[in-house]
Structure formats: C-alpha cells, structure tokens
1. Considering the dipole of the chain built from charges on the beta carbon (Lys and Arg +1, Asp and Glu -1) around the Cα centre, which of I382, T315, L176 is farthest to its positive end?
2. Keeping all protein chains in position, work out how much accessible area I59 exposes to a 1.4 Å probe, and write it in Å² to the nearest 10.
3. Which one is right for this structure if mean projected area of the Cα convex hull in nm² is calculated from it: [x] 27.4; [y] 23.4; [z] 35.6?
4. Project the alpha carbons of region 197-263 onto their principal axes and report the range along each, largest first, in whole Å.
5. Take every Cα pair under 8 Å in the chain that's 6+ residues apart, average their separations, divide by the length, and report that relative contact order as a whole percent.
6. Can you pull the three principal axis extents for the Cα set of region 309-379, in Å, largest first?
7. Could you point to the residue in G281, I296, N246 farthest towards the positive end of region 224-302's charge dipole, with +1 and -1 charges on the Cβ of Lys/Arg and Asp/Glu respectively?
8. Among the aspartates and glutamates, select those whose C-alpha is under 16 Å from the C-alpha of K110, and discard any that sit fewer than 8 residues away in the same chain.
Amino acid sequence: MLKHLVFIFVLFGSFLMQSQTKDTINVEQDSIKKTEFIKQLGNGYFPTNYFNIDLRYLIKYNQYEGFRTGLGGITNSKFSEKYRINGYLVYGFLDHTFKYSFGGGFRVAKKTETWINLSYTDDLQETGSSNFLTDKRFFQFFEPRLLNINLFHHHITKAIDLEHKFSNYLLSETQLAVSKIEPTYNYVYVLHGKSYTKFDLSTAKIALQWSPFSVFESKDDVITETKNGYPKFTFQYTKSFKDVLNSDFNFSKIDFRTIYKFNITPKTTTEVTLTSGIAIGNTPLTHLYHAYPNNINKETILQRFSVAGINSFETMFFNEFFSDKFTTLQLKHSLKPFNISQRFKPQLVLITRYAVGDMSHIERHQNIYFNTLNKGYTESGIEINKLLFGFGLSFAYRYGAYHLPKREDNMALKFTFNLSI
C-alpha cells in the first residue's frame, strides 16, 4: 500500500512539474509574442498572419489633400522569407484623388541582406524635401509638419533599387528611377528660353549609412543592434541624366547628415544634428531644399498655434526659404526629468537651431516668391515635454539677420507630442 502511495505521489509530482514547465514555456512564448507585437507597432505596423498593415496610411491631414486615408502594408516572413509584396491605396478628400503604390522584392543573399526591389508610385511629394534612401523606417503616430504643408508636386515614379549590407556598420541602397513631375501649384521653371510647367527626370541614387560605434549581437541567426552608438553618418549622391529616357534636366545632388548624441549624466542628454546638401546643375524647385520650416502663414501667434516637429524650424514660415546649397545645425539639450510623482515626470529641453544657404539663378524659378538663407537663420527655444498623455508645450524665438519687424511674428508657441512604445 505504501509503495502504491509513493508511486502515486511521484507520478503526481511529475505531472505538476510538467504542467508548471508547460505553463512557464507558454508564458515565455506569450511574452515573446507580446514583445514582438509591441515592437511591430512601434515600427508602424499592425501584424497579421501573412501581411503587416502599415499604420502610416490609415489617416493623415495636410493643406492640399485635407484628410488622407487608406490602407497599405507589406507581406511578412510567414508569407515568405525570400519574397515580399508591398503597396498602398489612399484617397484625399480635398483634392478628390486616389494615390497608390505597389511593388515587391526578392532576396539575393541572406548574409548581406541583399534585396532587389521594384515599385510603381503615383502620389504627392513635398516640394523641397530631401530624404535618404537608407533611413530606417521612421514612424510617428502623429506627424506635426504634415498638417500645414501646402506645396506638393505630383509624381509618377517607376523604380528599381538594390539594398545591400556591406557590414553591420555600413548599409547601402542604390536606386534607378524614372519620374514624371507636375507641381500642383503655379510654378514655371525657365531654362535656356524654354518654360517648364511639368517635366521628366531619370535619376540614379546611391546612399550609405555608417554607424561605426553601434553594437550588434547575433541570436538564432538574427543580428540585432543592442546599442545605438553615435555619431552616425549618412551620405547620398543623386544624378539626373538629361536625354536619358526623355529626361529634361542634368543635375547632381550631394546630401550629408551626421547625428551625435551623448549623455552628460545618465538622465541628461545632448543631441547634435548637422545636415547639409548641394544641388549642382539645372535643378527645378521640386528637387531643391527647404530647411524643414514648421510655421503657418497666419497673422497672430495664436492662429499659428499647432504642433512642434522633431527637427523642424518652428519660427520659419512654410515656403519662406529655398536653397540649392544649405547647412543646418540643431542642438538639443534634455535635462533630467522633474520627478514630481510616479506618473508625472515632465522634461525640459533647451533648443538652438541655425541654418545657412544660398540660391544660384533664382530668376529661373517663376510665379513663386521666396527668400534665401545667405545671411544665416537662427532660432532658440524650450520644450516642456510629457505634461499630459505625451503632450507638452514649446516656445521658440527667431532672432539675428532674419528677425522680423513685428515682435510677435518672431515667436512660435506650440504643442509637443512625445510617445514611445
């Protein structure tokens, strides 16, 4: 009888241990799934079995399209690790127009994460914006600058690009594209006696991103960046070829950016961002540079009250300056958060921004008025972040060579929004 009881006790104990082990495994698996799900949301995706929905296309707003809503996404590794399909379809309620993009890619080499991608895009792009191909996908629940942008050009672009990782520290992307460009505003580019209201471009781009001080680890054949090291360097060269596939203009662009972020104390951070670009040759306004302005063209400071951007000039009015060569320097110093309570920890940030630039052959750009940055533009201000539900307040003041006669016009008072997942 005693032997039977001992046997039953041992059997029951073994069952409990197995159940506990299974429960532990299930909890760990659930935790991993939850962590991956939150990571995907932070990158701007809502994951499903085979397709990740792109949250960027759900709803936005700008001055030209009004509300812009739609659906987009990309296939994930459950669909295929060697092939991917992506696309989106959106509709602007103010311009009553659909915009879309579709494409796909196939992996050439797993070790170097080499992909060849094809795409067809019919959409709008902000005039004067310049993006790096190698920028990691940057997602915000709320994009403040977008609300007030009104200068867009329509483009139909067919592109093929090659992603390649030389090493964990050096990423590259090369793109060949053919585009049909038509500004949505009244603009004429005059060159050699000919007036262009729309034009074709054939371009080649190569971009490099170097992160020499980041730290990477390999786990289950997946390499992840465990330490985001600084400084980081990004370089891009763009070449437009005249008379290649009916391209109208011949020009070159060189873009550079470096970001340096360091901690003076564990909770006190200083961030320095230097951005520079130059366009050489016959370049229309659509492909020149602004300095990321974020101030609405309205009369009073309260009418201009909106949401501050992350790296934008808050006192610079939209479409006030354009350049074919420019440099911006932005300094942010984040102080230690105020430990008022467990949940209420606002943070003070001190900011100074400087921009300088110039424009050759400004007379070629007609039916639009703008200034140049050859005298140097300066603004400084403060942010008090995370006051309530990720919202805060910012104040900036414009001074120096481009200080305006009316004092109120040099001021910008805005919300800030900071939310991390």
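1. Farthest along the dipole direction, towards plus: I382.
2. Counting only protein heavy atoms, I59 exposes about 110 Å² to solvent.
3. Answer label, from the structure shown: [x].
4. The Cα atoms of region 197-263 stretch 49, 32, 18 Å along the principal axes, largest first.
5. Values: 1001 pairs, mean separation 40.1, N = 421.
Reported as a whole number, the value is 10 percent.
6. 58, 20, 13
7. With unit charges placed on the Cβ atoms, the residue in question is I296.
8. Output for K110: E81, E163, E173, D220, D221.
The values are calculated or read from the model by the stated rules, or taken from the named source; none is laboratory data. Note that the coordinates shown come from a computational prediction; the quantities given were computed from them, not determined experimentally. All Cβ positions, glycine included, derive from the backbone under ideal geometry; neighbour counts span all protein chains shown. Accessible surface is based on the protein model in full, side chains and every heavy atom, while ligands, DNA and RNA are left aside. Shrake-Rupley method; radii C 1.70, N 1.55, O 1.52, S 1.80 Å.
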